[in-house]
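**Q** Next up is a structure, given as structure tokens.
Please treat every number below as a calculation from the coordinates, not as lab data. Keep in mind the model is a prediction, meaning the values are calculated, not measured. All Cβ positions, glycine included, derive from the backbone under ideal geometry; neighbour counts span all protein chains shown.
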There are 2 protein chains.
Amino acid sequence: MRLDERKLQVLQSVVEDFVRSGEPVGSRTISRKYLVGVSSATIRNEMADLEEMGLLEQPHTSAGRVPSDRGYRVYVDHLMPPHTLTEQELSLISSLYARKAREMESLIQQTARLLSEATNYLALILGPQLSQTTFRHLKILPLNEEKALLVLVTDAGFLEKGLLEVPGGVGPQELDYIAAVLNDRLRGMTVDRIAQEAWKELRSELSQYRFILEQAFQLLVETVGKESEERVYLGGTANILRFPEFQRLERLQSLLARIEGEEGLVNLLPEVSDSQVVILIGGELTQQDLRDCSLVAAKYHIGPSLVGRVGVLGPRRMEYARVLSLVGHVTETLSRVLSRSAGF
Amino acid sequence: MRLDERKLQVLQSVVEDFVRSGEPVGSRTISRKYLVGVSSATIRNEMADLEEMGLLEQPHTSAGRVPSDRGYRVYVDHLMPPHTLTEQELSLISSLYARKAREMESLIQQTARLLSEATNYLALILGPQLSQTTFRHLKILPLNEEKALLVLVTDAGFLEKGLLEVPGGVGPQELDYIAAVLNDRLRGMTVDRIAQEAWKELRSELSQYRFILEQAFQLLVETVGKESEERVYLGGTANILRFPEFQRLERLQSLLARIEGEEGLVNLLPEVSDSQVVILIGGELTQQDLRDCSLVAAKYHIGPSLVGRVGVLGPRRMEYARVLSLVGHVTETLSRVLSRSAGF
DNA sequence: TTTAGCACTCACAGAAAAAGAGTGCTAAAG
DNA sequence: CTTTAGCACTCTTTTTCTGTGAGTGCTAAA
């Protein structure tokens, strides 16, 4: 059976009405609101066809129709009218970034909040994959007899600091020496590579300072390594209560637990190809318990190599067009602001 | 009317049975489970008296009785048996802190999680009031022609860092000079005081470096000032779904919104006097929408002057004894660990 | 002062009934 | 061959009604 013009119109109407109302939509509604001049009986025939093709489904006999995953997919890929952001949306976004760029962390956190407010869905952002960042240099500043301050500067302008305990008998000159060696050997390496290779060599090379090295390494790994790249920023947790899909408490329970755990959220965001916004609908999400949700995701960049991910999670009946352009615009802006403030 | 021994026993029984079951408790239950040898009719009389005194209330005629705010208050103040932490609880706590002390932030975050797991309620912790911290010293490290790194060390061993833009023509010696002046003038002052008084003087004194000073000041205020002391750490958000008090979605909605906002939570935790755990029951919380909740709160200390607050929010029918001792023990431990790692 | 007995109240659960929305099918019209 | 009107049918949702049980308050006796 062919998807002719009118079938597409019917599909589009069903999707858009359902997105707005959340109620299954019937033939009469369409014949009166969307395709005036065509009788409800005709629409019924078209709908039966669309159902046979797997684009619509019926919650039960004698209810209206609801789009299926594939129905949404066709809508998103072919039918969705382009959405241009409203003045209001644009100014909301630009006013956030207009302020002086503050710390990266809080900027990302604010972005999550912004996205959730603008979309009314749940926004999640993964911190940049810092393990891909490259080491620039470090300094060791003696504070007093026993303690010294270690400062790390990386590629993207990130700074990390930590306290070192200095064993008795190690003086400032020796700390300088350690720093010099480290700087010389590690410059330009990615954090990953340092953790994997370079470290072992250094450890035997500077074995008399092992105690200090261990601490420095610890700091490097803890703050920049695997753990921190999984950092999740959330906005709009309360929004998930808004849509009726989650009025069932069990659903809510499992989703909230997932959110709390944060680990579950990391795998949620799929790999996204560059400068593209990806939409995953219902069952296209691998997570069983999210089969009633959809996700709109994209990447952001800091400089050439550092990337993080942004996603908006909402009910399957999501305002795809609007969210799509919001996510696109926000990731672009975020990338620009972060890159600028990191000195690229 | 006097609160004789038996009335107190009845009150205690009602509270403890209701805390466990969540169901209003009737005279028969008490006569059989708690005061064997006294008939239900007698209990009914006692209960009527207790109700008249405002310690119990009836959801409706012909339901059992439920403790009122004042009833809980009497229970908490006089009737509650002391709770000693179980082996299990103790080991859960000590195993968290046994690990090497990591960053303060993550330690606090973990504590929130721990408390929520141990109590099954919502745990919230306010970060320490950094504005009470005193300035120790700062360093300015030139990174390249245009940028320098500012490192702040304060009283409690906290470090803050930030990038400075250095205007053309300002060389390393001048940066050293600025740092020296600042160190000399600000040492030992609280951050609050610097913000209020000292700053203005310095600004005119070093007016030719105003651009750099502004940035340094900005950093100081942003990271250590008012804003950051309101930082809220949460654990167990999902727990609030557990208790039936919040099965009504509107309630949940408003609480979650409050949680998300975080501002609302700051005022939630009352001023607490030192080394004491405070319990606020139902209407004793000023927030209207939390009149079905109770809060157990305490202070923690880092060194002599820095304080933060810890709270556990749960349903009014809370296991007060257990939560009380948990909060007490956790704040003590947290204080000790944080103080030690800050070098006190 | 305590207890037994009894009538009364109220929420809750389940069944039955009524209302409503929407469909599928058939037959007629264009 | 396509579109439309009409109608019976299905299924959910809402409302109404009724029975049941837990628990109380009161009275009178121990």
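**Q** Per-residue ellipticity at 222 nm for the protein assembly as shown, helices alone: DSSP H runs ≥ 4 residues times -39500 (n - 2.57), over residue total, nearest 500 deg cm²/dmol?
**A** Taking each H run of at least 4 residues, the total per residue is -13500 deg cm²/dmol.
**Q** Here's something else I'd like to know. Hand me the trypsin sites (Lys or Arg not before Pro) from segment B:1-83 located in a DSSP loop with no more than 16 other Cβ atoms within 10 Å, in residue order please.
**A** When the trypsin sites (Lys or Arg not before Pro) of segment B:1-83 are filtered for loop state and at most 16 Cβ neighbours within 10 Å, B:ARG2 remain.
**Q** Calculate, for B:LYS33 and A:LEU92, the FRET efficiency according to 1/(1 + (r/R0)^6) with r their C-beta to C-beta distance and R0 60 Å; round to the nearest 0.05.
**A** Computed FRET efficiency for B:LYS33 and A:LEU92 comes out at 0.55.
**Q** Follow-up. Trypsin sites (Lys or Arg not before Pro) within segment B:239-344: which are DSSP loop residues with at most 11 other Cβ atoms inside 10 Å?
**A** Those that pass, being in a loop and sparsely packed, are B:ARG248.
**Q** When the Debye formula is applied to the Cα atoms of segment B:131-228, each taken as the same point scatterer, what base-10 log of I(q)/I(0) results at q = 0.11, 0.20, 0.25 Å⁻¹?
**A** -0.28, -0.97, -1.51
**Q** What trypsin sites (Lys or Arg not before Pro) in segment B:103-189 are in a loop by DSSP, with at most 12 other Cβ atoms within 10 Å of the Cβ?
**A** B:ARG187
**Q** When the Kirkwood radius is taken over all Cα pairs of segment A:57-118, what Stokes-Einstein diffusion coefficient follows at 25 °C and 0.890 mPa s, in µm²/s?
**A** In µm²/s, the coefficient is 161.
**Q** Sort out for me the Cα centre separation of segment B:252-303 from segment B:61-138, rounded to whole Å.
**A** The two parts, judged by their Cα centres, are 12 Å apart.
**Q** On C-alpha positions alone, give me the angle between the axis of helix A:210-224 and the longest principal axis of chain A, in degrees, nearest 10.
**A** That works out to roughly 20 degrees.
**Q** Another one. Let me make sure I get this right: for the protein assembly as shown, a, b and c are the square roots of the gyration tensor eigenvalues over alpha carbons, sorted descending. Under 1.5 in a/c it's rounded, otherwise prolate if a/b > b/c, else oblate. Which is it?
**A** Oblate, since a/c reaches 1.5 and b/c is not below a/b.
**Q** Shifting gears a bit: Which aspartates and glutamates have a Cα lying under 17 Å from the Cα of A:LYS299, excluding residues fewer than 8 positions away in the same chain?
**A** Answer for A:LYS299, where 17 Å is the Cα cut-off: A:GLU105, A:GLU229, A:GLU230, A:GLU271, A:ASP274, A:GLU332, listed by chain and number.
**Q** Inter-copy label distances at A:ALA98, 7 Å along the Cα→beta-carbon direction, one decimal in nm, shortest first?
**A** 5.5
**Q** When a/c is below 1.5 the answer is rounded, else prolate if a/b is larger than b/c, else oblate, so apply that to chain B with a ≥ b ≥ c taken from the square roots of the Cα gyration tensor eigenvalues.
**A** Here chain B falls in the prolate category.
**Q** Same structure again: If you take the beta carbon distance between A:GLN58 and A:ARG242 as r and set R0 to 22 Å, what does 1/(1 + (r/R0)^6) give as a FRET efficiency, to the nearest 0.05?
**A** About 0.30, to the nearest 0.05.
**Q** Next question, about the same structure. If you line up the long axis of helix A:5-21 against the longest principal axis of chain A, both from Cα atoms, how many degrees apart are they, to the nearest 10?
**A** That works out to roughly 60 degrees.
**Q** Pull out a ≥ b ≥ c, the square roots of the eigenvalues of the alpha-carbon gyration tensor of segment B:92-148, then state rounded if a/c is under 1.5, prolate if not and a/b is larger than b/c, and oblate in the remaining case.
**A** prolate
**Q** Continuing with the same structure: If contacts are Cα pairs under 8 angstrom and at least 6 residues apart, what is the relative contact order of chain A in percent?
**A** Normalised by residue count, the contact order of chain A is 20 percent.
**Q** Could you tell me the ratio Rg/Rh of segment B:5-79? Both radii from Cα atoms, Rh via Kirkwood.
**A** Checking Rg against Rh, the ratio lands at 0.91.
**Q** For segment A:5-79, what relative contact order do you get, as a whole percent, if you take Cα pairs closer than 8 Å and at least 6 residues apart?
**A** Relative contact order comes out at 35 percent.
**Q** Oh, and also: In straight Cα distance, which aspartates and glutamates are under 20 Å from B:LYS200, not counting same-chain residues fewer than 8 positions off?
**A** B:ASP184, B:ASP192, B:GLU214, B:GLU222
**Q** List, shortest first and in nm to one decimal, how far the label point of B:PHE217 (7 Å from Cα along Cα→Cβ) is from its counterparts in the other copies.
**A** 4.5
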